[in-house]
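*Asks:* Please read through the structure below; I'll follow up with questions.
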Amino acid sequence: MKKYLLTLIVAGTALIGCSNEDDNNETAAFSETEIASAIKCSNLAEGGMCSQNMNGAWGELDETLTDCYGAYCFEDGSPAPEQPNLTRWRGGEGHLIPVYYFDKVDPRFEYAMDEVERLVGYPLFDRKGVITLDISDSWQIDYSSLPTDWGFIWSQGTFTSSCSSGTVSNAPNSMGISSYFVGLDYAISKPNNRNGFDDYHHFSWIQLDSSATPDPGCTTIASDEVAVHELGHALGMNSHFEGFGDGAAFDQNAERVLKTMYHPQNPPGQPFDALYIAQ
């Protein structure tokens with residue numbers, strides 16, 4: 001089986017770190033064929049119509065099962081098939097993603113989750129509430145006070161690189177790409193700790209607004225649409241395409257891609273050539 005390794009972290013930062021896209025720049029509506037193509041190239045970070053692609057979306061686990069070298073890695077350490085299919089969170093009752101807010105609730109956090117759940121038509125998130133953590137050392141955070149050992153953490157102003165308006169990362173103050181464990185049915189089970197410092201807690205940080213430290217001129221503010229865009233990354237829309245970071249942050253094409261990915265007729269592992277295309 002062919003194995004792909006994520007060798008350059010800069011490829012991940014180009015993928016996940018997002019500029020302040022023109023939210024009103026609507027692109028031409030995709031055909032059903034284009035929707036299917038956008039899902040495949042974004043979900044697998046392949047070529048085609050996606051921009052900012054990441055080489056090696058599928059990787060492998062190291063021997064200790066703490067580091068994942070790729071965007072997705074199977075939990076049992078097995079290599080991905082040469083032609084993987086749809087990879088997403090299961091969603092729905094019994095499979096909700098734990099979500100926390102670092103220090104405070106920002107209305108954009110709630111807007112993004114409300115909008116995503118409206119689009120897919122069922123619950124995806126278990127909103128746990130506000131948490132306080134010591135993040136002075138981004139790679140040695142004590143998560144033991146949290147009631148779950150995995151989930152998403154929304155935060156504001158906790159990354160400094162590139163003056164981007166948003167990013168999804170494996171730690172605060174970072175643009176390191178988040179990786180995900182997936183089951184054999186291609187359902188994402190939890191984010192993976194790529195760094196190996198803590199082999200028990202697994203969290204993805206969804207960060208809005210670049211920090212003014214250390215660059216006082218780096219104060220890019222994310223819009224509501226950018227918040228939805230970053231949440232889309234965390235949900236499996238990895239590479240950008242027209243209407244998703246290429247032009248608009250999240251327009252009607254991105255909406256249809258997300259609705260199709262999470263449609264009940266497209267369970268995790270659905271072949272890309274057999275997708276039901278949502279309207």
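The values are calculated or read from the model by the stated rules, or taken from the named source; none is laboratory data. Note that the coordinates shown come from a computational prediction; the quantities given were computed from them, not determined experimentally. For neighbour counting, all protein chains shown are included, and Cβ atoms are generated from backbone atoms with ideal geometry for every residue, glycine included.
*Asks:* If you scan the range 21-43, which residues turn out to be at pLDDT below 75 and surrounded by 15 or more Cβ atoms within 10 Å (Cβ to Cβ)? Before the answer, list the steps.
*Replies:* Taking the range 21-43 and keeping what is at pLDDT below 75, we get 21-26.
Across the range 21-43, the qualifying residues are Glu21, Asp23.
*Asks:* I'd like the full set of residues that are modelled with pLDDT of 90 or more, over 16 Å from Asp114 (Cα atoms) and polar (S, T, N, Q), limited to the range 211-246.
*Replies:* Within the range 211-246, Asn238, Ser239 qualify.
*Asks:* Given (1) of a type outside the set (S, T, N, Q); (2) modelled with pLDDT under 95; (3) more than 19 Å from His202 (Cα to Cα), identify the lone condition not met by Ala112.
*Replies:* Of everything listed in (1) of a type outside the set (S, T, N, Q); (2) modelled with pLDDT under 95; (3) more than 19 Å from His202 (Cα to Cα), Ala112 misses just condition (2).
*Asks:* If the requirement is being touching a His at 6+ places or on another chain (Cβ under 6 Å) and of a type in the set (S, T, N, Q), which of these qualifies: Gln156, Gln83, Gln52? Quick ask: steps written out before the conclusion?
*Replies:* Numbers: Gln156 fails: touching a His at 6+ places or on another chain (Cβ under 6 Å); Gln83 fails: touching a His at 6+ places or on another chain (Cβ under 6 Å).
Of the residues listed, the single one that is touching a His at 6+ places or on another chain (Cβ under 6 Å) and of a type in the set (S, T, N, Q) is Gln52.
*Asks:* Moving on. Taking the conditions exactly as written (over 16 Å from the mean Cα position of the chain (by Cα) and either surrounded by 12 or more Cβ atoms within 10 Å (Cβ to Cβ) or at pLDDT below 85 (or both)), does Asp103 satisfy them or not? Give the steps one after another, and end with the answer.
*Replies:* Details: over 16 Å from the mean Cα position of the chain (by Cα): yes; either surrounded by 12 or more Cβ atoms within 10 Å (Cβ to Cβ) or at pLDDT below 85 (or both): yes.
So Asp103 passes the test.
*Asks:* Same structure, new question: Please work out which residue is modelled with the lowest pLDDT, limiting yourself to the range 192-210 and to residues that are of a type in the set (S, T, N, Q), in contact with a strand residue (DSSP E or B) (Cβ under 9 Å, 6 or more places away or on another chain) and part of a loop (DSSP other than H, G, I, E, B). Don't jump to the end; show me each part of the working.
*Replies:* Pass one, the range 192-210, residues of a type in the set (S, T, N, Q): 192-193, 195, 204, 207, 210.
Filter once more, so that each one left must be in contact with a strand residue (DSSP E or B) (Cβ under 9 Å, 6 or more places away or on another chain): 192-193, 204, 207, 210.
Imposing the further condition that a residue be part of a loop (DSSP other than H, G, I, E, B) reduces the set to 193, 210.
Numbers: Asn193: 74, Ser210: 81.
The residue in question is Asn193.
*Asks:* Considering the range 255-279 alone, what residues qualify as being farther than 21 Å from Ala234 by Cβ, part of a loop (DSSP other than H, G, I, E, B) and not hydrophobic (A, V, I, L, M, F, W, C)?
*Replies:* Correct list: Gln265, Pro271, Tyr276, Gln279.
*Asks:* Return yes when Glu46 is in contact with a helix residue (DSSP H, G or I) (Cβ under 8 Å, 6 or more places away or on another chain), among the charged types (D, E, K, R), buried (at least 16 other Cβ atoms within 10 Å of the Cβ) and farther than 26 Å from Asp224 by Cβ and no when it is not.
*Replies:* Values: in contact with a helix residue (DSSP H, G or I) (Cβ under 8 Å, 6 or more places away or on another chain): yes; among the charged types (D, E, K, R): yes; buried (at least 16 other Cβ atoms within 10 Å of the Cβ): yes; farther than 26 Å from Asp224 by Cβ: yes.
Judged against the criteria, Glu46 is a match.
*Asks:* What tally of residues in the range 140-171 results from selecting those that are at pLDDT below 85, in contact with a Pro (Cβ under 9 Å, 6 or more places away or on another chain) and not β-branched (Val, Ile, Thr)?
*Replies:* Residues that pass the stated criteria total 1.
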